[in-house]
Structure formats: structure tokens, C-alpha cells
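Beneath this line is the structure, given in C-alpha cells, with notes to follow.
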Amino acid sequence: MGIKLVTTAAELREESSRLLAAEAAAGSFAREDRPTQALVPTMGALHAGHAQLARTAVEHNDVVVASIFVNPLQFGEAADLDRYPRTLDADLALLEAEGVDLVFAPSVDEVYPDGMPLVRVTSGPLGEKWEGASRPGHFDGALTVVAKLLHYGLPGQGEAGYRAYFGQKDAQQLTLVRRMVADLNFPVEIVAVPTVRDSDGLALSSRNRFLSDAEREAALVLSRALRLIEGRANARQPLDLDSAVGLVESQPLVELDYFDVVDPRTLEPLAENCKDTPFRGEGLALIAAKVGPVRLIDNVPLNS
Ligand code: PAF
């Protein structure tokens, strides 16, 4: 059966309940002794990284819903929101090819019927550092819509399991979504899917399309520097972050914002752990930089 597009929460509930009931009646389930429903939240402009999210969700679950919604609440400047690519037909084709059952692509009025919400999820101190420092309010906006999308995607049919899939590429968002789900008791399992990279190492992002050839070449220094840190962590060597920072700063087209190694749960820097002594324990190397007109982020988990 082909993919189905719905645009209202009522249609989503009706269609997903129908699909789940059919799975329950068929009686053989993807992974558990009960049917499971998954949500893959996206803003569209889908690429191979999203395809990997969808594919993983389809492998693990019986009914898979992907959402496509460009959330005005998480954009700082109106120009950024306007510039965000809208590619619905191509997105539907990609999701259909991955075996997604249902796409929920609501309008802004459907999601925010009374205008922008007065009550929002607050990301707290975790949302103010790193990406949050240069994009004030971004994570409050992202968490608010993720909370709404998780509610829209809740399975309506009896004892079904529920999972939602997020990319490791947006590491801070992933940490915050996990915290929200734990702190506010959302009945959903959050599954992280590893970052997908081009063959030369560049992490896939819908923003890469705005890089010139020279900028794209320069941007490779981000993943190179992360690989350097990862290699030292794997070899139980001191991370020598300073030399990796130097490598990034030697690239004239790249304006480094931050590059650090942090605790993956608290996002606090693990400075004393990564200077001159062998690195032990779990960490997350985070980097962000402006390359030409584009802000890029990337990360690698260490010893995870
Ligand atoms: O990562 C994204 O694409 C967005 O932040 C999300 C999770 C779909 C919320 O708008």
C-alpha cells in the first residue's frame, strides 16, 4: 500500500488507529509481542540522513508516521524561516521509498490554532548553552513543537508501544528531548540514529545546499577535527583539544564558534578530562562554525 498524506490531527488519529488495528488483527509484530507505532519528526527538505531515520523506524515498528512541519517557533529571524527549503513532493517520494505508512504535514494554523502558544516548554539551562547561546529561544521552540508532535503521534489503539526517532547529528536537541521525555513522563521511547555523512565525511544537513564548492571543501575540516579527537579517545590518549581547534582555525573560510568535549547528559565541558591526560569515560565532541553564509554543527560520541 502507498504512503498516505494527512494534514489534520483528527485525520492522523483516524488513519494511524486504522493501520494499527490492521496490524493487531494480523498478529505478527516487528519486534515485540504487541504492535508498535513510531514517529519520525522532520521539517522536510529530507536527505539521506532522514532516510536513515525512516528506515530504522520502519525496521523496528509496525506503523510509522513521519511529520513534516517547518516550525516557526524555533526560528530566530523571519528570513531564516522563509529561506528554509520546502520540497514536499520529493520528501513524500523519499518517505514512501523507505516504507513509511503515513505523513502528517499540518499547516501552521493546525498546529498553532490560537497563534503562537502562550505556554511553552522551557529547555532550561541545558538549552542556553552551545547552540542555545547563539540561537536564543530555539530549543524552547523546538521542544514545544516536539511535545505537540509526540502527542499527535501517540498510538490510539489499545496496548501499542510508541517510539520516536531523532538524529544524533542534532546532539543537543536529542539530549533535550530525552530530558523532556524523562522529566515530564512522556510515554515514548526515544531512539537516536547515528549521523549520516557524505563519503568525504561532511555530515548531511539540509543547509549544505547553500555552500559553494569552496565552502563545502573548507567545511570538511569540521569532521576531520572531530575524527582526530575520536581517534585519540579510542587510543586512550590525551585529546589535546587545542591542536584540533588550531586545525579548524587554520581554515580561512571557517569561523569557529565552539569546539569542546562535553558530558553527553549534562552538556558540561569535560575540560580536565581531555587536556593532557588519557581520556576515559563517555563524552561528546561538539563543534559549530560558520562557513560562508551557513552555520554548521557536527559531533562525535566518544567511548559511547
Ligand atoms: O530536527 C528537526 O528537524 C526539528 O528540530 C524537529 C525535531 C522536527 C522539530 O521541529
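Nothing in this text is a laboratory measurement; each read-out follows from the coordinates by a stated rule. Values in this document were obtained by computation on a predicted structure and should not be read as measured data. Backbone-built Cβ (ideal geometry, glycine too); neighbour counts: all protein chains shown.
Can you tell me the orientation of helix 48-60 relative to the chain, as the angle in degrees between its alpha-carbon axis and the longest Cα principal axis, to the nearest 10?
Taking the Cα atoms of the chain, the angle to 48-60 is about 50 degrees.
Semi-axes of the chain's equivalent ellipsoid from the Cα gyration tensor, sqrt of 5 times each eigenvalue, largest first, rounded to whole Å?
After diagonalising the Cα gyration tensor, the semi-axes are 34, 21, 19 Å.
Going by amide H atoms built from the backbone, whose H comes under 5 Å of the H on residue 302, apart from near neighbours?
283, 284, 285
At R0 = 30 Å, how high is the FRET efficiency between residue 81 and residue 198 if r is their beta carbon distance? Nearest 0.05 is fine.
Efficiency, rounded to the nearest 0.05: 0.70.
Using only the Cα atoms of segment 116-259, what do you get for the radius of gyration and for Dmax, in Å?
18.4, 58
How large are Rg and Dmax for segment 12-120 when only the alpha carbon atoms are used, in Å?
For segment 12-120, the Cα-based Rg and Dmax read 15.8, 49 Å.
For segment 132-183 and segment 1-55, compute the distance between their C-alpha centroids and round to whole Å.
Rounded to whole Å, the Cα centres lie 17 Å apart.
Number of Lys-Lys pairs in the chain under 30 Å by Cα, sequence gap 8 or more or different chains?
Summing the qualifying lysine pairs gives 10.
Note the angle between two axes, namely the Cα long axis of helix 213-234 and the longest principal axis of the Cα atoms of the chain, as a number of degrees from 0 to 90, rounded to the nearest 10.
80 degrees
Of 50, 60, 226, whose Cα points farthest to the positive end of the dipole of the chain (charges on the beta-carbon: +1 Lys, Arg; -1 Asp, Glu; origin at the Cα centre)?
Of the candidates, 226 comes out farthest on the positive side.
Report the extension gain between residue 90 and residue 247 in nm, rounded to one decimal, defined as 0.36 nm multiplied by the number of residues separating them, less their alpha carbon distance.
52.8 nm
Filter the trypsin sites (Lys or Arg not before Pro) in segment 234-285 down to the DSSP loop ones having no more than 13 other Cβ atoms within 10 Å, then list what survives.
Answer in residue order: 236, 265, 280.
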